[in-house]
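The values are calculated or read from the model by the stated rules, or taken from the named source; none is laboratory data. Please read these numbers as outputs of a predicted model, since none were measured by experiment. Quick reminder, even Gly has a Cβ in these numbers, built from the backbone with ideal geometry, and neighbours come from all protein chains shown. Ligands, DNA and RNA are stripped out before the accessible areas are found, and what is left, the full protein with its side chains, is counted by its heavy atoms. Shrake-Rupley method; radii C 1.70, N 1.55, O 1.52, S 1.80 Å.
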Amino acid sequence: EIGYYQELYRPQFHFSPEANWMNDPNGMVYYEGEYHLFYQYYPDGNVWGPMHWGHAISEDLVHWEHLPIALYPDSLGYIFSGSAVIDHENTSGLGKDGMPPMVAIFTYHDPVGEAGGRDDFQTQGIAYSLDKGRTWTVYEGNPVLANPGIKDFRDPKVIWHEESELWIMSLAVLDKISFYTSPNLLDWTFASDFQPAWAAYGGVWECPDLFPLKTETGEEKWVLLVSINPGGPQGGSATQYFIGDFDGKSFTPTQEDVEWIDWGADNYAGVTWSNIPEADGRRIFIGWMSNWNYAQVVPTTAWRSAMTVPRSLALVEKEGTYSVISQPVSELEKLRIREFPVTSEVFELGSKTIELLLSLQDEQDFSLRFYNDSGEEVVLSRIRDQFIFDRSKSGVTTFEDGFGNPQTIPLNSVQLESVRVFVDQSSIEVFLNDGAVAITNLVFPKRAYSHVELSGIPAQGSLYHLASIWK
Ligand code: FRU
């Protein structure tokens with residue numbers, strides 16, 4: 001019955017909930033041919049409310065099928081963000097008849113405790129499924145990790161650590177990350193804290209994710225994602241990352257710099273899929289395409305928020321410095337239904353859902369202007385060592401004061417070789433140099449942008465019309 005999403009602003013190739021409010025992606029796990037996507041969900045309204053885990057599955061990360069709500073608030077509280085794993089060895093004992101449990105590890109947020117002025121209202125709980133995520137049983141011994149008396153104690157991301165043969169939980173605790181270990185997902189032991197003086201603070205730390213990545217030459221580093229709100233490079237919410245080593249107990253950064261997984265205003269709380277088969281080998285990320293500064297007042301009503309396109313994260317090394325690049329997953333190429341060579345400076349888009357891929361040859365300043373004949377436009381420009389994303393005239397902007405502020409992204413003397421842009425009604429995602437810089441932003445034009453104007457660069461590349469993901 002899907003395929004009917006035609007509302008103004010409704011994304012056509014990004015995941016959005018059928019109706020009502022969504023925030024963070026949660027519990028992403030791959031199991032038996034299905035990518036699971038759970039998400040922070042309030043089914044009874046289009047602003048944040050008592051949190052559930054909504055649920056969808058996909059066989060290709062592109063086309064999604066909505067499933068019933070997986071987790072409901074219970075006597076211990078709302079179901080806040082968290083992760084899911086397949087417990088293949090049945091370390092938890094929650095499996096049955098050789099069926100490994102799919103285990104969700106999430107934060108319970110107890111509104112009664114909060115209203116009562118207690119500080120320990122966030123605890124960690126688990127639930128499990130023995131039928132490929134279709135039905136869930138809440139563990140009777142919850143919470144599995146009690147709160148030591150700190151208001152912000154949430155968003156557990158769990159991985160299996162081969163070397164120590166333990167589960168590792170990364171947890172956001174006010175403005176640090178705490179690591180816990182467990183042999184069985186039920187009993188957790190504190191291991192260490194991570195809180196370097198030079199990191200980006202400015203707000204609470206949320207939604208951590210710790211995982212190893214290898215460079216093309218096989219060198220391994222550990223990456224720690226940490227979302228912060230506020231304090232992002234464009235104001236409000238954003239996700240920083242750290243590069244370092246992990247010994248099973250503590251994360252030691254090997255570079256002291258603040259890096260952002262995305263430089264735009266609208267990619268928050270993103271984390272990666274668990275249990276992607278080794279043969280695939282990718283580390284696949286998805287983020288919530290909004291910002292707490294205005295998420296609840298953007299001009300959509302039937303639903304609120306969408307996810308970014310799924311991105312494969314890769315580690316690159318240059319002169320001894322490591323960085324994480326974000327590449328839209330290759331499965332998205334299946335959505336290309338028509339290709340047009342870009343042959344002129346002004347080019348008609350011809351669709352509300354497009355991908356534009358241009359190669360760049362020199363270091364000249366240039367701009368790309370997406371516009372319609374109602375005077376709405378988005379201008380992306382390279383001006384010397386900066387990239388500017390200007391959505392000040394993009395459409396409806398008045399719901400938040402700072403929404404139209406032009407965004408400046410430092411290029412750090414990088415020679416730009418390619419720019420790839422995805423436009424989907426109310427979002428623009430830009431990938432420079434194969435994902436070395438990612439910039440994700442919402443826009444609300446009253447009419448879709450009809451043309452793109454290229455200034456200062458040779459018209460060299462392709463424009464694709466993209467199909468809707470709603471089968
Ligand atoms: C991040 C966040 C998480 C929390 C969830 C509540 O956007 O604030 O820290 O678990 O949203 O919905």
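Report the charge-dipole magnitude of the chain in Debye, nearest 20, computed about the Cα centre from +1 at each Lys and Arg Cβ and -1 at each Asp and Glu Cβ. Walk me through the numbers on the way to the answer.
Details: 30 positive and 65 negative charges, 202 e Å.
That gives a dipole near 960 debye.
Rounded to the nearest 0.05, what FRET efficiency do Thr408 and Asp131 have when you use their Cβ-Cβ distance and R0 = 45 Å? Don't skip to the answer; put the middle values down first.
Numbers: r = 49 Å, r/R0 = 1.10.
Given R0 = 45 Å and the Cβ-Cβ separation, E is 0.35.
Give me the lysines in straight-line cross-link reach of Lys393: C-alpha distance below 19 Å, same-chain residues under 8 apart excluded.
Leaving aside lysines fewer than 8 places away in the same chain, those within reach of Lys393 are Lys352, Lys446.
For Asp119 and Ser374 in one chain, what is 0.36 nm times their gap in residues minus the Cα-Cα distance, to one decimal in nm?
86.7 nm
Tell me the per residue accessible area of the chain using a 1.4 Å probe; a whole number in Å² is fine. Mind showing how you got there, number by number?
Details: 17850 Å² over 471 residues.
Spelled out: the 1.4 Å probe surface of the chain, per residue, equals 38 Å².
Which length gain, in nm to one decimal place, applies between Gln296 and Ala19 when the Cα-Cα distance is subtracted from 0.36 nm times their residue separation? Please report the intermediate quantities before stating the final value.
On the way: separation 277, 0.36 × 277 = 99.72 nm, distance 1.40 nm.
Once the chain is fully extended between Gln296 and Ala19, it gains 98.3 nm.
Rounded to the nearest angstrom and ordered from largest down, what semi-axes does the equivalent ellipsoid of the range 211-263 get from its C-alpha gyration tensor (root of 5λ)? Could you put the intermediate results ahead of the total?
Working: eigenvalues 110, 32, 14 Å².
Each semi-axis is the square root of five times an eigenvalue, giving 23, 13, 8 Å.
For the range 158-231, give the percent of accessible area contributed by carbon and sulfur heavy atoms, probe 1.4 Å, rounded to a whole number. Please report the intermediate quantities before stating the final value.
Values: 1400 of 2820 Å².
Exposed carbon and sulfur together represent 50 percent of the surface.
Of the accessible area of the range 21-126, with the probe set at 1.4 angstrom, what percent is carbon plus sulfur?
Working: 1710 of 3600 Å².
So the carbon and sulfur contribution to the accessible surface is 47 percent.
In a solvent-free Debye calculation with one equal scatterer on each Cα, what is log10 I(q)/I(0) for the chain at q = 0.08, 0.10 Å⁻¹, listed in the order of the q values?
-0.45, -0.71
For the range 46-89, max minus min Cα coordinate along each principal axis, in Å, sorted largest first?
Extents along the principal axes, in whole Å: 35, 34, 15.
Quick one: check the C-alpha center-to-center distance for the range 78-123 versus the range 273-317, whole angstrom.
Each part's Cα centre sits 22 Å from the other's.
Ala459 to Glu140: FRET efficiency via 1/(1 + (r/R0)^6), r the Cβ-Cβ distance, R0 45 Å, to the nearest 0.05? Can you show the working numbers first?
On the way: r = 64 Å, r/R0 = 1.41.
E(calc), rounded to 0.05, equals 0.10.
Could you give the length gained on full extension between Tyr4 and Asp97, defined as 0.36 nm per residue of separation minus the Cα-Cα distance, in nm? Intermediate values should be presented prior to the final figure.
Working: separation 93, 0.36 × 93 = 33.48 nm, distance 4.10 nm.
Extending this stretch completely gives an extra 29.4 nm.
Assuming 1.002 mPa s and 20 °C, estimate D for the range 234-310 with Stokes-Einstein, Rh taken as the Kirkwood radius over Cα pairs, in µm²/s. Could the numbers behind the result be given before it?
Numbers: Rh = 14.8 Å.
My calculation gives 145 µm²/s for D.
For Lys151, list the aspartates and glutamates whose Cα falls under 13 Å from its own Cα; do not include residues on the same chain fewer than 8 positions away.
Partners within reach: Asp110, Glu114, Asp119, Asp120, Asp175, Glu206.
With each label point set 7 Å from Cα along the Cα-Cβ vector, what nm distance links Asn184 and Tyr72?
According to this spin-label approximation, the distance is 3.0 nm.
Ranked highest first by average number of other Cβ atoms within 10 Å, how do 21-30, 242-251 line up?
Details: 21-30: 24.8, 242-251: 18.2.
Per-residue mean Cβ counts within 10 Å order the peptides as 21-30, 242-251.
Once you sort the root eigenvalues of the Cα gyration tensor of the range 307-405 as a ≥ b ≥ c, which label holds: rounded (a/c under 1.5), prolate (a/b larger than b/c) or oblate (the other case)?
Details: a/c = 1.44, a/b = 1.24, b/c = 1.16.
In terms of gyration-tensor shape, rounded.
Alpha carbon centre of the range 194-271 versus the range 1-64: separation in Å?
25 Å
Expressed as a whole percentage, what fraction of the accessible surface of the range 286-355 belongs to carbon and sulfur atoms when a 1.4 Å probe is rolled over the protein heavy atoms? Intermediate values should be presented prior to the final figure.
Details: 1410 of 2940 Å².
Carbon plus sulfur share of accessible area: 48 percent.
List, in the order given, every pair from Lys157/Lys249; Lys221/Lys249; Lys132/Lys334 whose Cα-Cα distance in the structure shown is over 23 Å. Present the calculation step by step, with values, prior to reporting the outcome.
Values: Lys157/Lys249 15 Å; Lys221/Lys249 15 Å; Lys132/Lys334 26 Å.
Checking Cα-Cα distances, Lys132/Lys334 exceed 23 Å.
For a test of the definition: using alpha carbon positions, the gyration tensor, and the 1.5 limit on a/c, classify the range 314-471 as rounded, prolate or oblate.
Numbers: a/c = 1.40, a/b = 1.21, b/c = 1.16.
Rounded is the answer for the range 314-471, as its axis ratio a/c remains below 1.5.
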